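The values are calculated or read from the model by the stated rules, or taken from the named source; none is laboratory data. Here the structure is a predicted model, which means the values were calculated and not measured. So basically every Cβ, Gly included, is an ideal-geometry build from the backbone, and we count neighbours across all protein chains shown.
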Amino acid sequence: MMNVEELRSYCLSLDADVVEKFPFTAFKYAKDVLVFYISGHMFCYFDINDLSNVTVKCDPDSIPELEEHYDWISKPYNGNAKYWIGMDAYRADNETLKQLIRASYEIVKEDHKTKKTHNKCIRNEVRNGVPDTHRQD
């Protein structure tokens, strides 16, 4: 079982660019939710006073199998259940918990790296006057 500091340390150890914030302090029931971001997008969040639902992004195709195999995996806390899972850190084994947090980090980092590269290519094409090859006249 991991405690809050171990979870926090692990999330921060994934990349020097990981940022942690308490973004929901204006909301009574979410003021203690700690969120970890990479490239400005969240990959893990949990209430520091209740680790029964550590929420991470997940490959949608893997979610049913994970929920069936691990009784400590459930629906996410306030997230889209198609893309996110909740994990009970009190009952989870540390290695699998870490693997799923790392996978979430990788999914988010790769997803936004791809979008950033695509957007940069489009900006360069526009700046350099490359004709729109997709336009149908």
Here the qualifying pairs (Cβ atoms under 6 Å; residues six or more apart or on different chains; first in the range 1-24 and over 15 Å from VAL35 (Cβ atoms); second surrounded by 13 or more Cβ atoms within 10 Å (Cβ to Cβ) and of a type in the set (S, T, N, Q)) come out as MET2/ASN94
Note on the range 35-59: residues more than 16 Å from TRP84 (Cβ to Cβ), surrounded by 13 or more Cβ atoms within 10 Å (Cβ to Cβ) and under 12 Å from the mean Cα position of the chain (by Cα) are SER39
Test: residue in the range 61-76 that is within 23 Å of HIS112 (Cα to Cα), modelled with pLDDT of 95 or more and assigned to a strand (DSSP E or B)
no
When you scan the range 2-14, do you find a residue that is at negative phi, hydroxyl-bearing (Ser, Thr, Tyr) and at pLDDT below 95, even just one?
no
Per the filter on the range 77-111, residues of a type in the set (D, E, K, R) and assigned to a helix (DSSP H, G or I) are GLU95, LYS98, ARG102, GLU106, LYS109, GLU110, ASP111
Quick count over the range 84-107, residues being within 15 Å of SER9 (Cα to Cα), more than 11 Å from the chain's Cα centre (by Cα) and touching a residue at least 12 places away in the same chain (Cβ under 8 Å), is 4
Scanning the range 1-34 residue by residue, those in contact with a helix residue (DSSP H, G or I) (Cβ under 9 Å, 6 or more places away or on another chain) and either in a helix (DSSP H, G or I) or surrounded by 16 or more Cβ atoms within 10 Å (Cβ to Cβ) (or both) turn out to be MET2, GLU6, LEU7, TYR10, CYS11, LEU14, VAL18, LEU34
Those residues of the range 39-60 which are in contact with a His (Cβ under 8 Å, 6 or more places away or on another chain) and outside any loop (DSSP other than H, G, I, E, B) amount to HIS41
